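The values are calculated or read from the model by the stated rules, or taken from the named source; none is laboratory data. Worth saying up front: this structure is predicted, and the values here are computed from it rather than measured. Reconstructed Cβ throughout: ideal geometry from the backbone, glycine too, with neighbour counts over all protein chains shown.
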Amino acid sequence: MVPSAQAFHLNGDFYLTSDKQKQNIMQVISQTKGATYLSGKSDWCYNESPTPVVFTGNRCYSAWYFYESRVNFESESLRRFDPNNHFYDGTMPNRLRFLQDNGITGVLIWPGDKINNEMLDALKKDLDPAYDYVDCKGDGEQNAGVFMVRGSARFAGTTMR
């Protein structure tokens, strides 16, 4: 039974906690606080992937840049947007160095980004041995998981169902 004081408390995270893949991703990244993550492909306007990072007390390297473009910070947001997406599309020449140079603790493989097996395998190869992959796909259709700096989370190197 829910205490009456909490009955109408809104967290705004239902779409995360009602999806097993997203729930697993949140469980993994909740092991860190204040860490910087690549949260998936960046977009001009709202996308879901940055929210679990923020909801768990961490930071996004880049998320969506609509707001920044309206308050005169567009150049900063675009400076982060392009490399973030080049990281995910495989056109970045040295992905591991990019993560290390920017102090990025983890990389989300967000189900909505539709990262295919070939792209995921290439990421695993590029980030080994510095990052471990936690597979959060379970029964989902799309790949889902988190690359974590080795030793930064107790789930590293495991598969979550």
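Numerical summary
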item	result
Number of positions in the stretch 2-47 that are of a type in the set (A, V, I, L, M, F, W, C) and modelled with pLDDT under 85	9
The stretch 116-142 residues that are touching a residue at least 12 places away in the same chain (Cβ under 8 Å), paired with ones that are among the acidic types (Asp, Glu) (beta carbon under 9 Å, 6 or more apart)	119/89; 140/19; 142/113
Where a residue in the stretch 81-109 is over 12 Å from residue 148 (Cα atoms) and its partner, wherever it lies, is modelled with pLDDT under 90 and of a type outside the set (Ser, Thr, Tyr), with Cβ under 6 Å and at least six apart	85/41; 88/41; 92/86
Residue among 157, 140, 151, 112 that alone is out of contact with any His (no Cβ under 7 Å at 6 or more places or on another chain), modelled with pLDDT under 95 and part of a helix (DSSP H, G or I)	112
Given (1) assigned to a loop (DSSP other than H, G, I, E, B); (2) under 14 Å from the mean Cα position of the chain (by Cα); (3) at pLDDT 75 or above, number of the condition residue 91 does not satisfy	(2)
